[in-house]
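These notes are about the structure you will find just below.
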Amino acid sequence: MTSLPTLAETARAMVAPGKGILAVDESNPTCTKRFEALNIDSTPDSRRDYRELMFRTPGLGEFVSGAILYDETIRQKAADGRPLVDVMNEAGIMPGIKVDTGAKPLALFGGETVTEGLDGLRDRLAEYREIGARFTKWRAVLNIDNEKPTAACVLANAHALARYAALVQEAGLVPIVEPEVLMNGAHDIDRCYAVTDVVLTRIFEQLQIMNVDLEGIVLKPNMVVPGMDCNQKATTEQIAELTLKTLKKRVPESVPGIAFLSGGMSGEESCRHLDAMNRMSSLPWELTFSFGRALQYPGLPTWAGKAENVSAAQAALLHRCRMSSEARSGSYEASKDVAAA
């Protein structure tokens, strides 16, 4: 009888050399908003068709180790009647699942949020594992300006992430720990660095308190970037240097991998920054990607809900995954990316 992989083995497989994680865990309302912008009817079948075309992309498993799913998706069957998780496993793509229930207002702290979903999580995890999930995701959302996030907001979210991670490991699954300092706002890169540094400090303090095995997690942080409305733009080198500076200070070497979120950056931007970090120095952890929109575009508008566009959409997705794989290996060439696209 073949033994199941340990948490550490699964975590290392999630960040295996040359591979990253595809995020397709948009809620139904978010997916509907994106579909409607492209005149695509949003129904359970159309959402299934879109996710299925991604998982059936020939060669995707060469660049993607796993995909984060939404509750609806992990329960769906493919067009041929087989469970989507079976389609994924055949392609060499591990099924993962988003388990938080979203960011809600933090009491007595206007404009700040704490992510919820701990109630009933133990039972939901058991069900997701039975369906076929191998790992999970929980996203903490931190707004940033000159005063936010407050110490209370940072601690509340760090504690929730740590409690989530403990429950997930108890269930035999690997937790993706995702603290996102948002790009929204006019803050400069130094402010983003200061906040990200505090957030990572508190998160690893709380993970240690909750006895979470750091060899069995994957960290999914933001890159250190200026706000989208900031007049002081940052170079790729500045972004890479400051991101690595806080990671080297705050992330223990026992963590097997760091899979960055794209946070609203384009696929090309995300690749440039990730590539620069992987070229700068030897690192104690794998440095890879867990992008959503940065991988799904331009594949989604290329598909546009039409069966005749499936192959073209798959080619667009595969290209973005290949470019991201090269970036996580420090071999990305922007000129080739543009030419191929």
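No value in this document is a laboratory result; all are computed from the given coordinates. What you see is a predicted model; the values in this text were computed from it and never measured. Quick reminder, even Gly has a Cβ in these numbers, built from the backbone with ideal geometry, and neighbours come from all protein chains shown.
Assorted remarks:
- For the stretch 46-185, pairs of C-alpha atoms spaced more than 18 angstrom apart make up 59 percent of the total.
- Given the chain, longest segment not containing exposed loop trypsin sites (Lys or Arg not before Pro) (DSSP; at most 12 other Cβ within 10 Å): 1-232
- Cα centroid of the stretch 100-134 to Cα centroid of the stretch 26-50, whole Å: 23
- What the Kirkwood sum gives for the stretch 277-331 is a hydrodynamic radius of 12.4 Å, with every pair of different alpha carbons counted.
- Rg over Rh for the stretch 120-208 works out to 1.06, both radii taken from alpha-carbon positions and Rh defined as the Kirkwood radius.
- Percent RCO, i.e. relative contact order, over the chain, from Cα pairs under 8 Å lying at least 6 residues apart: 18
- Here the label points at Lys249 and Asn309, each 7 Å from Cα along the C-beta direction, are separated by 4.6 nm in the simple model.
- GluC sites (Glu not before Pro) within the stretch 194-240: DSSP coil, no more than 12 neighbouring Cβ in 10 Å: none
- Simple rule: put +1 on each Lys or Arg Cβ and -1 on each Asp or Glu Cβ in the chain, find the dipole, and look at Ala133, Thr57, Thr201; the Cα lying farthest toward the positive end is Thr57.
- Long pairs among Lys77/Lys104; Lys104/Lys248; Lys104/Lys233; Lys104/Lys148, criterion Cα-Cα beyond 20 Å: Lys77/Lys104; Lys104/Lys248; Lys104/Lys233
- Dipole magnitude for the stretch 7-340: about 180 debye, using +1 per Lys or Arg Cβ and -1 per Asp or Glu Cβ, origin at the Cα centre.
- When the GluC sites (Glu not before Pro) in the stretch 88-175 are filtered for DSSP coil states and for at most 16 other beta-carbon atoms within 10 Å of their beta-carbon, the remaining sites are Glu116, Glu147.
- DSSP bridge orientation in the chain - percent antiparallel, rounded to nearest 5: 15
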